[in-house]
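Student: Next up is a structure, given as structure tokens.
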Amino acid sequence: MLTSRNREGFALPAVLLLLTVLSIISVAFINSSSVEQKAGQNMREQSRAFYATEGALSILVSEFDSLRYDSLMTRPGDTLTLPLQTMANGVRVRTQLQRIDDDSEASLNTGHSLYAVTIEGRAPHMTRSEVSMIVRYRTVWPIGDPMAAIFAADGLKKASNNGMNTGVDLCTANDVGGVTVPIGGLDYNGSPTEVFAGTPPLNEVADPVQTMNDIGLDWAGILGMEFDYVINSSTQFPDFSTLPPDAYPTILFTGSLLTVKGTEDNGRGLIVVVNDLTMQSGFDWKGAIMVGERFQINNTITIEGAIFSGLDVQLGESLSAVDPSQIGPGATQVTYDSCALSKATGWTPDGQAPLQIVNGTWTERW
């Protein structure tokens, strides 16, 4: 039988054991809280570093063209390290670029240069974030900046006095030119303002080839592009009902004379015609139509974007050897649309050549 003294002696070790266990639990809890707090702090710092690198990428995209970084990396393998930046959240960021395209003739024709970009951000507590990607910079826009709904380097004959809403940009509502032709190249009885809208409704140029060069139009480069569809007189347009609504394909016609007719041929994108193009009633197109020699429009035609003809003169063909383009009677509407042009060709209305991330090349490291 335990006496009172024995019971007191047994209770003391039990209390000490309980206090020890409670102490261990308290220390473990404190350590766990400290670890969680440190992990949370690391996550916050990583987020700060990541958002800083994203901010640096946005700055790179906005400044690349205006600061002409491409002129500092003229050959494959050339590198450029930008000055260290301190972002608004206190993270220090360093950006490095390396040109990686092969500088081939095809690359030069399309005006594309490729760069590997690495952006490293370090938060104040040395948390590091790095993003890398490949970007594409287009230094040459083969279509140029037409700033007119119709550019007819071979001249233009208008067969009726039906008005044409050519000079208002559907995208921005800004006034642009109506039609550009060589001096004396518009064959029409009456005032151009009765037919063409725009500022000016008629723009006459002394040298169409020089004008093409000035606006950045590169017909040889366009003909050397890779097209989504190559068709001739016996093949059909792509079926746009099967394509995504945002698809603006590039289409090359190789026939000697191609007649486009019927509503089944309606669509959007870039049409490049090596020689002549005849469009019959019911044709409806969003984007750009570019013709080596002449176009002929008959009856009800709707084009939202721009149409070019006589482009072979840039390759040395004599103007006298090319018949003028013709717009026959009917409700022809050719309306300038910079948005449609941009989607069809990659050209941007402000003339800036954007830096674009190549799909599937973005990587992140912590």
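Student: On a full-extension model of 0.36 nm per residue, what is the gain between ALA331 and ARG136, subtracting their alpha-carbon distance, rounded to one decimal in nm?
Tutor: So the chain would gain 66.0 nm between ALA331 and ARG136.
Student: If we count other beta carbons within 10 Å of each Cβ, what is the order of GLU364, GLU45, fewest first?
Tutor: Going from least to most buried by this count: GLU364, GLU45.
Student: Suppose the chain between ASP102 and GLN46 were pulled fully straight at 0.36 nm per residue; how much longer would it get relative to their current alpha carbon spacing?
Tutor: 16.6 nm
Student: Between ASP175 and ASN189, what is the label-point separation in nm under the 7 Å Cα-to-beta-carbon projection?
Tutor: Here the modelled spin labels are 3.0 nm apart.
Student: How are the alpha carbon pair distances in the stretch 148-345 distributed across 5 Å bins from zero to the largest one, expressed in percent?
Tutor: Spelled out bin by bin, the stretch 148-345 gives 2, 8, 17, 23, 22, 17, 9, 3, 0 percent.
Student: Here is a follow-up. Add +1 for every Lys or Arg and -1 for every Asp or Glu among the other residues with Cβ under 12 Å from the Cβ of ARG92, and state the total.
Tutor: Around ARG92, the charge tally is +3.
Student: Work out, step by step, the length gained on full extension between ASN359 and THR20: first 0.36 nm times the residue separation, then minus their alpha carbon distance; give nm to one decimal.
Tutor: So the extension gain works out to 116.1 nm.
Student: Report the calculated FRET efficiency for ASN299 and ALA206 (r = Cβ-Cβ distance, R0 = 51 Å), to the nearest 0.05.
Tutor: Result of the calculation: an efficiency of 0.95.
Student: Still on this structure, please answer the following. What does the charge dipole of the stretch 148-345 about its Cα centre add up to, to the nearest 20 debye, if the Cβ of each Lys and Arg holds +1 and the Cβ of each Asp and Glu holds -1?
Tutor: About 320 debye.
Student: Taking amide H positions as placed in the peptide plane 1.01 Å from N, state which residues far from VAL205 in sequence (5 or more) or on other chains have amide H under 5 Å from it.
Tutor: Amide H neighbours of VAL205: VAL181, ILE183.
Student: Same structure again: Within 10 Å of each residue's Cβ, count the other Cβ atoms and sort TRP285, TRP362 from fewest upward.
Tutor: TRP362, TRP285
Student: Excluding LEU186 itself, calculate the net charge of residues whose Cβ lies under 10 Å from the Cβ of LEU186, where each Lys or Arg counts +1 and each Asp or Glu counts -1.
Tutor: Around LEU186, the charge tally is 0.
Student: Also: Based on the Cβ-Cβ distance of ALA116 and SER256, what FRET efficiency does E = 1/(1 + (r/R0)^6) give at R0 = 35 Å, to the nearest 0.05?
Tutor: 0.20
Student: Another question about this same structure. Can you list residues from other chains, or at least 5 along the same chain, whose modelled amide H is less than 5 Å from the amide H of ARG268?
Tutor: Amide H neighbours of ARG268: LYS286.
Student: Another question, if that's okay. Relative contact order (percent) for the stretch 148-345, with alpha-carbon contacts under 8 angstrom and 6 or more residues of separation?
Tutor: Relative contact order here is 26 percent.
Student: Restricting the count to DSSP beta bridges whose residues both fall in the stretch 159-263, what percent are antiparallel, rounded to a multiple of 5?
Tutor: Given both bridge residues lie in the stretch 159-263, the antiparallel proportion sits at roughly 10 percent.
Student: Counting Lys and Arg as +1 and Asp and Glu as -1, what is the net charge of the other residues whose Cβ lies under 14 Å from the Cβ of GLU364?
Tutor: -1
Student: Which distance in nm do the two modelled labels at THR74 and ASP284 give, with both placed 7 Å along the Cα-to-Cβ direction?
Tutor: It is 5.1 nm.
Every read-out reported here was derived from the displayed coordinates using simple, explicitly stated rules and does not represent laboratory data. Everything quoted here is computed from the prediction, not taken from an experiment. When we count neighbours, we look across all protein chains shown, and the Cβ atoms used for this are built from the backbone with ideal geometry, even at glycine.
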